[in-house]
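Worksheet: one structure, shown below.
The values are calculated or read from the model by the stated rules, or taken from the named source; none is laboratory data. Given the structure is predicted, the values throughout are model-derived calculations rather than measurements. When we count neighbours, we look across all protein chains shown, and the Cβ atoms used for this are built from the backbone with ideal geometry, even at glycine.
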Amino acid sequence: MDFIEKLKSFDIPTCLRVCAGTDGSVTFLLEIMTKHTTAVVTEYQTIIPADEMMAEIFGVEVGADINDRVVTLMAGDTPYVYARSLSSIDKMPDSVRCDMMKADIPIGRILRDNSIETRRDFEDIELSDHKPVFGADMVLSRSYRIVHHNSVLMWINERFPVDSRWEL
């Protein structure tokens, strides 16, 4: 089953379905839906050496520098998305690299502000009760790649709590 068909089969709130199905900025959608500015709260950000999986994703050598960033997207006082991004330092345009290292800037805004044309290639989406997030037992997880000039710029996994916070 492909990404969209799988997403349509889940019994989840419509606002969550829209955020999980967008190939654009989740941050922007959250601001529209909640009427609050969306804040990016960085849990951690560090440079790690690429393992074999990362090297394959980005087309780099094992050991190349990878930016590993974990953030929470907050609208008002409510957390909506827990996200991990991996990006190849060598593949990032200089201006994007500089903004990514500043941490609390949403990726969509970084790409837009730097006029970087990209597409998002969805990999997987699933519902799970194995790793609760923000107090919700059921979690929707999606992963995708942000592609720039036919090269993977970023790999992202977003985890959304499935609960009443999405009944906006």
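Looking at the range 23-48, which of the residues that are among the hydroxyl-bearing types (Ser, Thr, Tyr) and exposed (fewer than 12 other Cβ atoms within 10 Å of the Cβ) is nearest to Arg97 (Cα to Cα)?
Thr46
Can you tell me which of (1) assigned to a strand (DSSP E or B); (2) surrounded by fewer than 20 Cβ atoms within 10 Å (Cβ to Cβ) is the one Asp90 doesn't meet?
The number of the failed condition is (1).
Does Thr72 qualify as being part of a strand (DSSP E or B), closer than 20 Å to Arg159 by Cβ, of a type in the set (Val, Ile, Thr) and in contact with a strand residue (DSSP E or B) (Cβ under 8 Å, 6 or more places away or on another chain)?
yes
Just for the range 101-124: of the residues that are of a type outside the set (Asp, Glu) and within 17 Å of Phe58 (Cα to Cα), which one is modelled with the lowest pLDDT? Let's see the steps before the verdict.
If we filter the range 101-124 for residues that are of a type outside the set (Asp, Glu), which is where we start, we get 101-103, 105-112, 114-116, 118-120, 122.
When the remaining residues are screened for being within 17 Å of Phe58 (Cα to Cα), the result is 118-120, 122.
On the way: Thr118: 85, Arg119: 91, Arg120: 92, Phe122: 96.
The extreme case among them is Thr118.
Yes or no: the range 18-27 includes at least one residue that is of a type in the set (Gly, Ala, Ser) and farther than 20 Å from Ala136 by Cβ.
Of all residues in the range 18-27, those of a type in the set (Gly, Ala, Ser) come to 20-21, 24-25.
Adding the requirement that they be farther than 20 Å from Ala136 by Cβ leaves 24-25.
Yes, that holds for at least one residue.
Name the single residue, out of those in the range 69-87 being buried (at least 16 other Cβ atoms within 10 Å of the Cβ) and polar (S, T, N, Q), that is nearest to Leu168 (Cα to Cα). Explain how you work it out, then say what you get.
Just the residues of the range 69-87 that are buried (at least 16 other Cβ atoms within 10 Å of the Cβ), to begin with: 69, 71-75, 79-87.
Filter again for polar (S, T, N, Q), leaving 72, 85, 87.
Working: Thr72: 19, Ser85: 27, Ser87: 32 Å.
My answer is Thr72.
Of the residues Arg165, Arg142, which is assigned to a helix (DSSP H, G or I) and touching a residue at least 40 places away in the same chain (Cβ under 8 Å)?
Testing whether each residue is assigned to a helix (DSSP H, G or I) and touching a residue at least 40 places away in the same chain (Cβ under 8 Å) leaves just Arg165.
Could you please tell me which pairs satisfy a Cβ distance under 8 Å, a separation of 6+ or placement on different chains, a first residue in the range 21-45 that is on the phi < 0 side of the Ramachandran plot and hydroxyl-bearing (Ser, Thr, Tyr), and a second residue that is assigned to a loop (DSSP other than H, G, I, E, B) and surrounded by fewer than 17 Cβ atoms within 10 Å (Cβ to Cβ)?
Final answer for the pair search is Thr34/Gly76; Thr34/Leu168; Thr42/Ala103; Thr42/Asp104.
Would you mind finding the one in Val60, Val40 that is modelled with pLDDT of 95 or more and either of a type in the set (Lys, Arg) or touching an Asp or Glu at 6+ places or on another chain (Cβ under 9 Å) (or both)?
Val60
If you take the residues of the range 41-63 that are in contact with a Lys or Arg (Cβ under 9 Å, 6 or more places away or on another chain) and hydrophobic (A, V, I, L, M, F, W, C), which of them is farthest from Pro79 (Cα to Cα)?
Val60
From the set of residues in the range 49-68 that are assigned to a helix (DSSP H, G or I) and not acidic (Asp, Glu), which is surrounded by the most Cβ atoms within 10 Å (Cβ to Cβ)?
Step by step, filter the range 49-68, then rank; the result is Phe58.
When only residues in the range 112-127 that are touching a residue at least 24 places away in the same chain (Cβ under 8 Å) and more than 30 Å from Met1 (Cα to Cα) count, which is surrounded by the most Cβ atoms within 10 Å (Cβ to Cβ)?
Ile116
Could you grab me the full set of residues in the range 5-36 that are closer than 13 Å to Leu127 by Cβ, over 18 Å from the mean Cα position of the chain (by Cα) and either in a helix (DSSP H, G or I) or among the aromatic types (Phe, Trp, Tyr) (or both)?
Lys6, Lys8, Ser9, Phe10
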